[in-house]
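The values are calculated or read from the model by the stated rules, or taken from the named source; none is laboratory data. Worth saying up front: this structure is predicted, and the values here are computed from it rather than measured. When we count neighbours, we look across all protein chains shown, and the Cβ atoms used for this are built from the backbone with ideal geometry, even at glycine.
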Amino acid sequence: MEVDNSSQVLRFVLDGRVVAIDRPPATMTVLEYLRDVACRRGTKEGCAEGDCGACTVVVGELSAGPSPNRVTSGHSPNRMTYRAVNSCIRFLPTLDGKELVTVESLQAPNGPAHPVQQSLIDNHASQCGFCTPGFVMSLFALYLNRSEANREEVLQALAGNLCRCTGYRPIIDAGMRQWDYPAPPRWNREEAQSASHVEPLEAIARRPAAAAGTKPSQASSTSGSLKLPGFHAPRTLAELGKALQAGRHGCGPLGHEGLARIAGHRLPR
């Protein structure tokens, strides 16, 4: 897989394809990218402050060690871990080297709804529907990470999602029953750990920058870290120390400017 390995090119995986964005704004949120750039408007904007969960997406990343859901013989020892995040307060550059899953990703071509979605339908768990995509993605992360869940575990998974129609009982019921359906061909627990998910992330993974004196032929084609105006994600302590010595104290956009950006205003100068 050929990808642009520039230190100023953001790379992440969406629906099995590597998305490469040259010098994206450091404080563009994932939600803004999805709705305004990618035209994926299933992800909703509610509070825009990380409180309501309407904007929930799932982020997958590599972890060391084989997955119990995947036969590792002949495969990479890496495994995928998935978690639900609020896209309205997640800055786009932080997706570098990760997999992004949205509610549109669950759509099967000419196939039935995903078990998470079908369970919500069958349990009448959607009222006005605005919050439903966020609930789908929070339950989807739970679906990938567990083979079953009790009520308390479902409540914990949904702790970041609000339903203003007060329809929580059927939503909780749907979360507890989502494993009762046949596993779909796409986005079941085993498929989510397959090479189709692991290998693209391995291809775009950034390694520490080559040491001084390393021959070009020995350097990794994916070495170095993502460096953008207003954003730097060091890969090693040495790289972090070098950045701090250079005066780049705001490694990442999560300083005062980043928080002000989320809050919808600029800090006084």
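May I ask you to verify whether residue 1 is outside any loop (DSSP other than H, G, I, E, B) and either modelled with pLDDT under 95 or in contact with a His (Cβ under 9 Å, 6 or more places away or on another chain) (or both)? Please lay out each step first, then the result.
Numbers: outside any loop (DSSP other than H, G, I, E, B): no; either modelled with pLDDT under 95 or in contact with a His (Cβ under 9 Å, 6 or more places away or on another chain) (or both): yes.
No; evaluated as a whole, the condition is false for this residue.
Taking the condition in contact with a helix residue (DSSP H, G or I) (Cβ under 6 Å, 6 or more places away or on another chain) and of a type in the set (Asp, Glu), does residue 104 pass? Spelling it out, it is not the case that residue 104 is in contact with a helix residue (DSSP H, G or I) (Cβ under 6 Å, 6 or more places away or on another chain) and of a type in the set (Asp, Glu).
Being farther than 23 Å from residue 62 by Cβ and of a type in the set (Ser, Thr, Tyr) is the requirement here; does residue 194 meet it? Steps first, please.
Numbers: farther than 23 Å from residue 62 by Cβ: no; of a type in the set (Ser, Thr, Tyr): yes.
Criteria not met by residue 194.
A quick yes/no check of all residues on (1) surrounded by 14 or more Cβ atoms within 10 Å (Cβ to Cβ); (2) among the aliphatic types (A, V, I, L, M):
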| site | (1), (2) |
| --- | --- |
| 111 | no, no |
| 115 | yes, no |
| 136 | yes, yes |
| 145 | yes, no |
| 151 | no, no |
| 184 | yes, no |
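Total residues in the range 120-141 satisfying the condition of being within 21 Å of the chain's Cα centre (by Cα), in a helix (DSSP H, G or I) and either hydrophobic (A, V, I, L, M, F, W, C) or more than 16 Å from residue 179 (Cβ to Cβ) (or both): the figure is 9.
Restricting the range 153-167 to residues that are modelled with pLDDT of 95 or more and either part of a helix (DSSP H, G or I) or of a type in the set (Lys, Arg) (or both), the residue that is surrounded by the fewest Cβ atoms within 10 Å (Cβ to Cβ) is 156. Residue count for the range 168-179 satisfying the condition of being surrounded by fewer than 16 Cβ atoms within 10 Å (Cβ to Cβ) and closer than 24 Å to residue 60 by Cα: 0. Restricting attention to the range 86-104, the residues that are out of contact with any Gly (no Cβ under 9 Å at 6 or more places or on another chain) and not in a loop (DSSP other than H, G, I, E, B) add up to 2.
Beta carbons closer than 8 Å, at least 6 apart along the sequence or on distinct chains, pair a first residue in the range 27-51 that is under 16 Å from residue 91 (Cα atoms) with a second that is outside any loop (DSSP other than H, G, I, E, B) and of a type in the set (S, T, N, Q) for 43/56; 50/86.
Counting the residues of the range 70-117 that are among the β-branched types (Val, Ile, Thr) and modelled with pLDDT under 95 gives 2.
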